[in-house]
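A short worksheet on the structure shown next.
The values are calculated or read from the model by the stated rules, or taken from the named source; none is laboratory data. Computed from a predicted model, the values in this text were never measured in an experiment. Glycine also receives a Cβ, built like all others from the backbone with ideal geometry; neighbour counts cover every protein chain displayed. Keep in mind that these areas ignore ligands, DNA and RNA; they rest on the heavy atoms of the full protein, side chains included. Shrake-Rupley method; radii C 1.70, N 1.55, O 1.52, S 1.80 Å.
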Amino acid sequence: MGKIDKYRGVFPAFYACYDDSGRISPDRTRAMARFLIGKGVDGLYVCGSSGECIYQTKEERMLALESVMEEAKGKVTVIAHVAATSTGESVELAQHAASCGVDALAAIPPIYFKLPEYSIEQYWKAMIDATDLDFIIYNIPGTTGYALSMDLFQKMLAYDKVRGIKNSSMPAQDIERFKRVGGEDFAVFNGPDEQFVAGRIIGADGGIGGTYSVMPELFLKANQFIEDGNVKMAGEIQHAVNDIIFTMTGCHGNMYSVAKEILRIQGIDIGRARLPLSPFTEEDVPAIKRCAKMIENAIQKYCG
């Protein structure tokens, strides 16, 4: 087995699963993990942006990860996002993730303060040194305000446990550069769902995405077409996916609020998104129902 084989394919960014009172629900978390594993996904990315980690306590994040691992351990690759607002808390989350048996850690750069790159390196290094696990850099400049430079990227490659990057910048060129410089034994994940096919074609080994959970079949099929060399059909699925995503993001409610309602229509109730993420409105309901139908139709067309 190659060094990065377990980091190839389709990895849904796992949603936060709450009970009706807004607390982390272990039961709903396990059910969501079973749902995605049953669809045949290659891995799960837990406690990241889609997991609403920035709005959760350390203890809530630990409970969410523990609940996922009760279902996923030994079945799929699990990457745990452990970055927190302080280095100390990030290290605690890293060590807890290791005790749960995850395959790898991931972390965004520090948020809020604009820090020099040597501070970002030390922040990541603290998590890298805290366990024996592989480490995945998470580059998401749209939310952190920092775009990973090639200089810092090359410095991070000197750490043996740095095994990959989730790249959520929009230029597909960044994926090509990270893969070329990182090499064949370095995993690159496409982040923007809207360019999954483009990212895979230009060098990404897989994808981690926030809309995969409502339509895993479509991303799995697109990935299969790419593996088979059928770029035309992969592109067709990407167009269908993008129509769905643009409809989702056109709602008043936050995309995760919309996604969770789509899942409820599909039979999976994981609660609502946590404030300050805006809930969907009554005016959004027709669009949400339309999204659910678009997903159903696309699955029938491409995966039936």
- Message: Run the paramagnetic zone check for ILE299: 7 angstrom along Cα to Cβ, then residues of the range 15-59 with backbone nitrogen under 11 Å.
- Response: 36, 39
- In whole angstrom, note down how far apart the Cα centers of the range 11-65 and the range 99-151 are. 21
- Item | Solvent-accessible area per residue, Å², over the range 6-214 with all protein chains present [probe radius 1.4 Å] | 38
- Using only Cα atoms, locate the centre of the range 173-201 and the centre of the range 264-296, then give the distance between them in Å, rounded to an integer. 30
- Share of antiparallel DSSP beta bridges in the range 1-119, in percent to the nearest 5? 10
- If you take the square roots of the eigenvalues of the alpha-carbon gyration tensor of the range 124-223 and sort them as a ≥ b ≥ c, do you get rounded (a/c under 1.5), prolate (a/b over b/c) or oblate? prolate
- Would you work out what percent of the accessible area of the range 6-214, with all protein chains in place, is carbon or sulfur (probe 1.4 Å)? 49
- Message: Given axes a ≥ b ≥ c from the Cα gyration tensor, I'd like to know whether the chain is rounded (a/c under 1.5), prolate (a/b larger than b/c) or oblate.
- Response: oblate
- Query: With each run of n ≥ 4 DSSP H residues scored as -39500 (n - 2.57), what mean residue ellipticity at 222 nm is computed for the chain after dividing by its residue count and rounding to the nearest 500 deg cm²/dmol?
  - Reply: -15000 deg cm²/dmol
- Task: Please give, to one decimal in nm, the separation of the simple spin-label points placed at THR143 and PHE246, each 7 Å out from Cα toward the Cβ.
- Result: 2.4
- Message: Give me the percent relative contact order of the range 6-214, please, defined on Cα pairs under 8 angstrom at least 6 residues apart.
- Response: 20
- Item | 19 Å cut-off, amide nitrogen to a point 7 angstrom out along ARG34 Cα→Cβ, residues in the range 255-280 | 263-271
- Message: At a 10 angstrom cut-off on C-beta neighbours, averaged per residue, how do the peptides 251-264, 208-221 rank from highest to lowest?
- Response: 208-221, 251-264
